[in-house]
Amino acid sequence: MNTDLGFIREDVEINAEGTLIKGWLYLPLRKKNEPHPAIVMAHGYAGLKEMYLESYAKKFAENGFAVVLFDYRNFGDSEGTPRHEIDPWQQVEDYRHVITYASSLSEVDSESIGIWGTSYSGGHVLVVGATDKRVKCVVSQVPTISGSKIAHRRVNGDALTELLSSFAEDRLNRQRGGDPVYYSVVPGGEFENSVYKSKDALEFYLKGSEKFNNKVTLRSIELSRGYEPGAFIANISPTPLLMLVAKNDFITPTDLALAAYEQALEPKQLALIPGGHFDPYTQYFDQSSNAALEWFKTHLFD
């Protein structure tokens, strides 16, 4: 157990129906005998709980929220195979498992649980918020809205034909008992191909944590192309939704996020953050975290 100013943090294990999801539970020290509103949170594409998210969790805990910050199955400290495979729908289920865990704690007010997600998990929380009404508040930061639209912008022509062929070959190989094909997340890994190639992505991932392993399965890329969390956004209401959108986001494009926000119903709020996709975690952390904190305070505190 780690103790810090205003809260305690302890390691937790969550039974996701046979797979152990591991994370950190933050509990405020003030009003220790009263159940706290809670926030469940996880990272985006190939991210770990150690990568920039502790600052958000600490800030929420210092302001009276219980927080569960976790690693998805197949990643970080959590169990699950194949390692480093990202199935967005399974990650959505992991959010549900952690919500169940949080709601079972005596220190948590099970009627005041919010969810926070960023990038890929910014899409996950749209799905969870729309379909799981145990959730009473949603914060979605620089969210994935449409895997298919993003995919068409990134890859086309001969490169697309080659990529689709590689999906088929990988499926056949895995069906025959072979190992998954892997890509590096960013250049510089052990695999020639990488998911992201931009300088800001390289810096974000490689400086995020020593525990980061620079690889994902090719299947992860295939699954991302059919993931459409923005299709759920109109169904989140009447659960309150805050969307934080970076003005110059080329990873989860700004225009897709703004168009999706227009489809959301009240109560909702939009916060525009300067910079690109990775700036809310660092340069504009105060702006992104303050907006989220105020939204949670407004809708989860009595």
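Descriptive notes on the structure:
- Checking Leu20 against (1) out of contact with any Lys or Arg (no Cβ under 9 Å at 6 or more places or on another chain); (2) hydrophobic (A, V, I, L, M, F, W, C); (3) open to solvent by 10 Å² or more (accessible area, probe 1.4 Å); (4) over 20 Å from Phe301 (Cα atoms), the condition it does not meet: (1)
- Odd one out for Tyr196, checked against (1) within 21 Å of Phe75 (Cα to Cα); (2) part of a helix (DSSP H, G or I): (2)
- Taking the range 35-61 as the range and being open to solvent by 10 Å² or more (accessible area, probe 1.4 Å), more than 23 Å from Ser110 (Cα to Cα) and either touching a strand residue (DSSP E or B) at 6+ places or on another chain (Cβ under 7 Å) or polar (S, T, N, Q) (or both) as the test, only Ser55 passes.
- Residue in the range 209-236 that is least open to solvent (accessible area, probe 1.4 Å), counting only those that are touching a Gly at 6+ places or on another chain (Cβ under 7 Å) and outside any loop (DSSP other than H, G, I, E, B): Pro229
- Test result for Ser166, in contact (Cβ under 8 Å) with a residue 40 or more places away in the chain, surrounded by fewer than 19 Cβ atoms within 10 Å (Cβ to Cβ) and farther than 28 Å from Glu54 by Cα: yes
- Once the range 270-302 is narrowed to residues that are charged (D, E, K, R) and surrounded by 15 or more Cβ atoms within 10 Å (Cβ to Cβ), the residue that is nearest to Phe65 (Cα to Cα) is Lys297.
- Qualifying residue in the range 179-191 (condition: surrounded by 13 or more Cβ atoms within 10 Å (Cβ to Cβ), within 21 Å of Tyr52 (Cβ to Cβ) and of a type in the set (A, V, I, L, M)): yes
- When residues of the range 4-22 are limited to those that are out of contact with any strand residue (DSSP E or B) (no Cβ under 8 Å at 6 or more places or on another chain) and assigned to a loop (DSSP other than H, G, I, E, B), the one farthest from His36 (Cα to Cα): Gly18
- The range 62-72, residues that are crowded, with 24+ Cβ neighbours inside 10 Å and in contact with a Gly (Cβ under 7 Å, 6 or more places away or on another chain): Val68, Leu69, Phe70
- Scanning the range 212-243 for residues that are touching a residue at least 60 places away in the same chain (Cβ under 8 Å), among the aliphatic types (A, V, I, L, M) and touching a strand residue (DSSP E or B) at 6+ places or on another chain (Cβ under 7 Å) gives Val216, Ile236, Leu241, Leu242, Met243.
- Check on Ser148, closer than 30 Å to Ser289 by Cα, open to solvent by 20 Å² or more (accessible area, probe 1.4 Å) and at pLDDT 95 or above: yes
- Thr100 vs. criteria closer than 19 Å to Ala16 by Cα, out of contact with any helix residue (DSSP H, G or I) (no Cβ under 7 Å at 6 or more places or on another chain) and among the β-branched types (Val, Ile, Thr): yes
- With respect to the conditions (1) within 24 Å of Glu203 (Cβ to Cβ); (2) open to solvent by 20 Å² or more (accessible area, probe 1.4 Å), Tyr261 falls short on a single one, namely (1).
The values are calculated or read from the model by the stated rules, or taken from the named source; none is laboratory data. Since the structure is predicted, the reported quantities are computational estimates derived from the model, not experimental observations. Cβ sites come from the backbone with ideal geometry, for glycine too, and all protein chains shown count toward neighbours. Just the protein is used for accessible areas: all its heavy atoms, side chains included, with ligands, DNA and RNA removed. Shrake-Rupley method; radii C 1.70, N 1.55, O 1.52, S 1.80 Å.
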